[in-house]
Amino acid sequence: MRLIFMTSLTMIAFAVNSILNRLAVDSEIIDSSSFAMVRVSSGALVLWVILNVKSSESLTFEKAQFLGALSLAAYIIGFSLAYATLDAGLGALILFGTVQISIFSWSALWGTRPSMLQICGAGLAFIGLLIALWPADNKISNMSGVWLMIIAGIGWACYTIIGKTAKDPLVTTTATFVIATPIVTVFFLNGEIFMTQFGVIAAIFSGAVTSGFGYMLWYSVLPQLKSVTASVVQLSVPIIAIVAGSLLLDEAVTGTIIISVFLVLGGILIAIISPKIKVDHR
């Protein structure tokens with residue numbers, strides 16, 4: 001029961017990240033590069049303070065943490081820039097669709113291939129996302145946003161895979177944020193800077209709360225989840241974002257969206273309860 005609660009809380013944090021980033025950039029209260037820099041640096045600072053106050057462990061830097069930081073930086077950079085041209089629904093579909101494909105591919109190649117039930121569950125959930133987030137009249141005016149979100153999805157998939165080996169979620173998450181901060185900052189160093197007070201507050205909340213705490217929670221539950229299950233569960237994030245958008249932004253919830261919610265949740269349930277199949281590489 002605790003695992004379900006922690007995983008659900010993490011998915012909500014992920015959805016809030018999408019909403020905050022899109023609203024902040026679309027409302028022009030902060031630019032994409034500034035949002036990314038404030039987000040990652042505030043996350044690093046808060047996690048470092050918590051580590052020093054609450055934990056007896058010291059901050060260490062290992063190879064896996066450097067790889068995790070590179071993955072985190074790729075995700076944050078691609079995510080922030082993509083939402084300057086993509087709407088929230090299409091962006092979420094591309095992001096978590098890429099995550100699912102990447103983790104499924106990794107699982108098939110490195111030890112645990114998806115079972116038929118897991119494939120069916122993932123397919124059902126993905127169909128639900130297509131119904132909810134890809135209206136027939138949608139047109140992509142800027143392909144750069146699509147590619148940036150694909151990069152973000154690959155980065156997040158790598159961050160998820162690396163996180164399954166994390167021994168101490170707080171130490172690992174803090175280290176990845178600390179290392180990722182200069183990477184993101186250098187990438188955006190020569191970019192245009194524009195921010196308002198509310199834009200900075202949104203970025204700090206995204207970095208310190210929904211990213212810092214959210215990713216620490218994610219690393220704490222990952223060792224208890226199958227790789228395939230971890231990928232499919234994240235497909236619930238766009239659905240959560242739709243519901244939050246309806247409640248907070250007065251966006252309409254249609255019958256089509258209700259159907260898609262049942263498809264996604266049903267697909268996730270199938271993927272979670274299905275057995276895993278080991279791959280013999282002999």
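Numerical summary
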quantity: Filter pass, SER56 being in contact with a Cys (Cβ under 9 Å, 6 or more places away or on another chain) and either surrounded by 22 or more Cβ atoms within 10 Å (Cβ to Cβ) or at negative phi (or both); calculated: no
quantity: Yes/no for LEU51 being in contact with a Leu (Cβ under 7 Å, 6 or more places away or on another chain), part of a helix (DSSP H, G or I) and either of a type in the set (S, T, N, Q) or surrounded by 20 or more Cβ atoms within 10 Å (Cβ to Cβ) (or both); calculated: yes
quantity: Residue within the stretch 15-33 that is buried (at least 24 other Cβ atoms within 10 Å of the Cβ), among the hydroxyl-bearing types (Ser, Thr, Tyr) and under 22 Å from ILE242 (Cβ atoms) present; calculated: yes
quantity: Residue, surrounded by the most Cβ atoms within 10 Å (Cβ to Cβ), within the stretch 81-98, restricted to residues that are at pLDDT 75 or above and either more than 23 Å from VAL25 (Cα to Cα) or over 15 Å from the mean Cα position of the chain (by Cα) (or both); calculated: LEU86
quantity: Failed criterion for TYR75 (all others in (1) within 18 Å of TYR159 (Cβ to Cβ); (2) among the hydroxyl-bearing types (Ser, Thr, Tyr); (3) surrounded by fewer than 19 Cβ atoms within 10 Å (Cβ to Cβ) hold); calculated: (3)
quantity: Top-ranked residue of the stretch 100-152 - restricted to ones that are polar (S, T, N, Q) and under 18 Å from ARG22 (Cβ atoms), ranked as modelled with the highest pLDDT; calculated: SER144
quantity: Qualifying residue in the stretch 6-23 (condition: out of contact with any helix residue (DSSP H, G or I) (no Cβ under 6 Å at 6 or more places or on another chain), of a type in the set (Gly, Ala, Ser) and closer than 22 Å to SER236 by Cβ); calculated: yes
quantity: Total residues in the stretch 211-261, condition polar (S, T, N, Q), under 19 Å from LEU23 (Cα atoms) and at pLDDT below 80; calculated: 1
quantity: Qualifying helices (runs of 4 or more DSSP H) (wholly inside the stretch 137-221; at least 3 residues being under 22 Å from ASN52 (Cα atoms)); calculated: 169-187, 214-221
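Here's the yes/no breakdown for (1) basic (Lys, Arg); (2) within 22 Å of SER80 (Cβ to Cβ); (3) surrounded by 17 or more Cβ atoms within 10 Å (Cβ to Cβ):
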{"position": "ASP168", "(1), (2), (3)": "no, no, no"}
{"position": "VAL171", "(1), (2), (3)": "no, no, yes"}
{"position": "GLY191", "(1), (2), (3)": "no, yes, no"}
{"position": "MET195", "(1), (2), (3)": "no, yes, yes"}
{"position": "GLY214", "(1), (2), (3)": "no, yes, yes"}
{"position": "LEU222", "(1), (2), (3)": "no, no, yes"}
{"position": "LEU248", "(1), (2), (3)": "no, yes, no"}
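The values are calculated or read from the model by the stated rules, or taken from the named source; none is laboratory data. What you see is a predicted model; the values in this text were computed from it and never measured. Don't worry about glycine lacking a Cβ; one is built from the backbone with ideal geometry, like all the others, and counts go over all protein chains shown.
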